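What follows is one structure encoded as structure tokens, with my remarks underneath.
The values are calculated or read from the model by the stated rules, or taken from the named source; none is laboratory data. Bear in mind the structure is a predicted one, so any value in this text is a computation, not a measurement. Cβ sites come from the backbone with ideal geometry, for glycine too, and all protein chains shown count toward neighbours. Quick note on the areas: whole protein, heavy atoms, side chains included, nothing else; ligands and nucleic acids left out. Shrake-Rupley method; radii C 1.70, N 1.55, O 1.52, S 1.80 Å.
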Amino acid sequence: MKILVPFKSVPDPYAGAGAAAKSVINPFDEIAIEEALRIRERGEATEIVGVTIGAPAVDEQIRSALAMGVDRAIRIDDSRALDPYAISRILRTLVEREAPQVVLMGKQAVDDDSNQVGQMLAGLLGWPQATFVSKIEFLDNKTRAQCSRETDGGIEVIAISLPAIITTDLRLNEPRYVSLPGLMKARKKPIEVINCEQLGVNVHPLTTTLSVASPPRRTAGTRLESVEELVTRLKQEAKVL
Amino acid sequence: MDFAWSDQQRELLDAVDRFASEQLRYDMIENDRNAVFNHDAWKKCGGFGIQGLPVSEEYGGLAQDPITTVAALERLGYGCKDNGLNFSINAHMWTAIIPLVYNGSEAQKKKYLPGLCDGSLIGGNAMSEPNSGSDAFSLATTAVRKGAKYILNGSKIFVTNGPIADVLLVFASTDKAKGAAGISAFLVEKGSPGLDLSHKIEKMGVRTSPMGEVFFEDCEVPEENRLGKEGAGSWMFTRSMTWERGCILAASVGTMQRLLETCIRYANERKQNGQSIGKFQQVATKIVDMKMRVESSRHMLYHCAWAAGRRKAVYLEAAMAKLQISESWVRCCEDAIQIHGGYGYMTEYEIERELRDAIGSKLYSGTSEVQRNIIASMLGL
Ligand SMILES: Cc1cc2nc3c(=O)[nH]c(=O)nc-3n(C[C@H](O)[C@H](O)[C@H](O)COP(=O)(O)OP(=O)(O)OC[C@H]3O[C@@H](n4cnc5c(N)ncnc54)[C@H](O)[C@@H]3O)c2cc1C
């Protein structure tokens, strides 16, 4: 069984305020990579292919994925700001080329929280999908997968036939730490770089992001000398009394 | 001369930085007080690849050259405040793994190195005895051949990792009349008949690194566990001791760097007489001296490792690096306490522990006096 894991490079969500945010693999996608590795380790998968779309800068996250244990990686060389539909169309072409039995990916990226690509990809391919998954088991000689889905009402267990799209939720697993031996092995693993033209897919975003603004910053407070002063200022400046 | 790291070295060192700061941060005050060895952290380091850094890939290591290895250990010391764990790891690497790498038979290397690299086995070195310390080769422990076995009798003291060791490299005399040329080395496994590892020794610093006395009472060691030839013990010891001196304090350079940064932060934050204490010249000078010590220590460490990687003899360089780093480390800790005033003396501030951890470095792997003897002799004195 071959598993394709699409992953996105996002600014580190755990970087402290003020620190120059370095890029990391989207945490939900990292969970998908970890799950693919576990499936391979229990002998149910033979190859894990990672794919990401972006400029050469994302090679660092590709190396992290390879260091975790992904067998080989593909970078679709495209530095445009693509929307979920464009991404899904590129991935569909790649899925057709690679012919995996399972596409395993994060339920959403933590930078734009779109939560669309897995679903759109399933739609474009006409494949079944299991989203927000917290447990995966393969059944019937790996022709079907039984997936537990985290919903507001509780855990829903569904069975889908393969090939299929599975998107991962937070509680599926805890991704492993990249070890030095993993890092060394990753140096010898291939990264294929290919662009949309070579892949034969012509995409342009249908959505345009107009602006991104962070919430207003809280300014420092002032220390007052007395309760009288507080009352005065609440009346005159804040006008709340 | 090129002082730049290659991309591959930088990638590896960044990974160690991240590993140490994210995976090896835990409460040290309680662990130090109760002298707790962190087994879990040891295993994590093994899984991550620390112990196997200098070992070739066929035995489960990462085949890194000496300079990359010491730089990685420096990062470990920077990110992980458990100086005892760092010391146990370094003792394991330089006094057990390295002698095995250089002198082990194929069968011995296959048997022990993969486990010593991946964290499943703990190694140590038993040379010092109650009556032979600096004059190590005057040891009294004996090994007498009996068929396909050796029978060991005697005792060892100050054995780092002794109480938790799976395998110890033990030096004993197979021929008293030959003196140093009659010393042989043995890989003695935990559980060997007649071996007693149960006597722990309580100490001032690096308290989270277990230390013990080791007793041999007609202890049986199979012949295939002799390391190297009979009588080659003192030669092997001198050779691996050069590695040990040059590298065992790599983590301490990182520790000093962390202390320096802590002191700079504190000197900027702490105000007296309406200004940051760092503005007082006497405080600033201490920090400047600290910086000078860290940098000179780092350069001597790197230079020694660089030369060792080019297969040059580093007998002198290793002694100088050991002397410089250990004495700088102790001075840095003293200054760090002074800069922190009364707070620096209090357990909660975690600086007094650093001084206690540092002081032993002037004793193990050859005392400062012994390093000075070596340097003097290399200068023709
Ligand atoms: C934290 C720690 C960990 C250790 N781990 C190990 C270990 O894993 N395995 C092991 O075998 N040993 C270990 N040791 C022991 C260490 O190697 C010895 O303590 C050291 O070699 C000194 O020996 P000694 O303690 O017997 O002191 P001595 O040799 O008795 O020295 C006492 C004093 O005399 C000085 N002196 C001695 N000879 C000379 C000389 N020729 N010229 C000038 N001055 C001299 C010394 O410098 C010292 O100041 C460890 C020690 C410490 C503190």
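Would you please name the chymotrypsin sites (Phe, Trp or Tyr not before Pro) within the stretch B:2-34 that are DSSP coil residues with at most 13 other C-beta atoms within 10 Å of their C-beta?
Sites meeting the loop and neighbour criteria: B:F3.
So which lysines pass the test for B:K286, namely a Cα distance under 26 Å, with those fewer than 8 places away in the same chain ruled out?
In chain and number order, the partners are B:K81, B:K271, B:K322, B:K362.
Got a sec? Which residues of the stretch B:1-37 lose 10 Å² or more of accessible surface with every protein chain in place, vs. that chain alone, 1.4 Å probe?
B:Q8, B:E11, B:L12, B:A15, B:R18, B:F19, B:E22, B:Q23
Under 20 Å from a label point 7 Å along Cα→Cβ of A:V193: give me every residue in the stretch A:80-117 with its amide N that close.
Counting backbone N atoms under 20 Å from the label point, the list is A:80-82, A:91, A:94.
Using a 1.4 angstrom probe on the protein heavy atoms only, line up B:K43, B:K203 by accessible area, largest first.
Most to least solvent-accessible, the answer reads B:K43, B:K203.
Quick one: compute a quarter of the convex hull surface over the Cα atoms of the stretch B:241-303 and quote it in nm².
Average of the hull's projected areas for the stretch B:241-303 equals 4.4 nm².
How compact is the stretch B:7-122 by the rule of thumb for globular proteins, expressed as Cα Rg over 2.2 N^0.38 Å?
1.05
Return the lysines within reach of A:K2: Cα separation strictly under 25 angstrom, same-chain partners fewer than 8 residues apart disregarded; answer none if there are no such residues.
A:K107, A:K135, A:K142, A:K185, A:K188, A:K189
Probe radius 1.4 Å, ligands and nucleic acids left out: can you give me the accessible area buried at the B-A interface, summed over both chains, in Å² to the nearest hundred?
About 1100 Å² of accessible surface is lost on pairing.
Kindly sort B:F137, B:F37 by accessible area of their heavy atoms, largest first, with the probe set to 1.4 Å.
So the residues, ranked largest to smallest area, are B:F137, B:F37.
Could you tell me the calculated FRET efficiency between A:S226 and A:D113, based on Cβ-Cβ distance and R0 = 56 angstrom, to the nearest 0.05?
That gives a FRET efficiency of 0.75.
Taking all protein chains as present, what is the carbon and sulfur share of the accessible area of the stretch B:249-378, in % to the nearest whole number, probe 1.4 Å?
Of all accessible area on the stretch B:249-378, carbon and sulfur atoms account for 53 percent.
Mind checking the mean number of beta-carbon atoms from other chains within 10 Å of the Cβ atoms in A:173-181?
Rounded to a whole number, the mean comes out at 5.
Take B:D135 and B:A35, extend 7 Å from each Cα along the Cα→Cβ direction, and tell me the distance between the two endpoints in nm.
For the pair B:D135/B:A35, the computed spacing is 2.9 nm.
Apply the Karplus curve 6.51 cos²θ - 1.76 cosθ + 1.60, θ = phi - 60°, to the phi angles in the stretch A:23-34 and return the couplings in whole Hz, x for Gly and Pro.
Karplus-based 3J(HN,Hα) across the stretch A:23-34 equals 8, 9, 5, 3, x, 5, 6, 5, 5, 5, 4, 4 Hz.
Counting just the Cα atoms, what span does the protein assembly as shown cover along each of its three principal axes? Round to the nearest Å and put the largest first.
89, 78, 51
For the protein assembly as shown, report the accessible area per residue in Å² (1.4 Å probe, heavy atoms, rounded to an integer).
47 Å²
Rg to Rh for chain B: what is it, with Cα atoms only and Rh by Kirkwood?
0.98
Just how large is the dipole of the stretch B:298-380 about the Cα centre, in debye to the nearest 20, putting +1 at every Lys and Arg Cβ and -1 at every Asp and Glu Cβ?
Once rounded to the nearest 20, the dipole reads 640 debye.
Mind listing P(r) for chain A? All alpha-carbon pairs, 5 Å bins, whole percents.
Values per bin, smallest distances first: 1, 6, 12, 16, 17, 14, 10, 6, 3, 3, 3, 3, 3, 2, 1, 0.
Give, in nm to one decimal, the length gained when the segment between B:K190 and B:A107 is fully stretched (0.36 nm per residue of separation minus the Cα-Cα distance).
So the chain would gain 28.0 nm between B:K190 and B:A107.
Helices from chain B with mean Kyte-Doolittle at least -1.0 and a Cα length along the axis of 27 Å or more, per DSSP H: which?
Span-like helices in chain B: B:250-269, B:281-309, B:315-339.
Please report, largest first and rounded to whole Å, the three semi-axes of the ellipsoid equivalent to the stretch A:152-241, where each semi-axis is the square root of five times an eigenvalue of the C-alpha gyration tensor.
Semi-axes from the Cα gyration tensor: 54, 24, 23 Å.
Per-residue HN-Hα couplings for the stretch B:152-166, Karplus 6.51 cos²θ - 1.76 cosθ + 1.60 at θ = phi - 60°, whole Hz, x for Gly and Pro?
Those phi angles translate into 9, 9, x, 8, 10, 10, 6, 8, 5, 6, x, x, 10, 6, 8 Hz.
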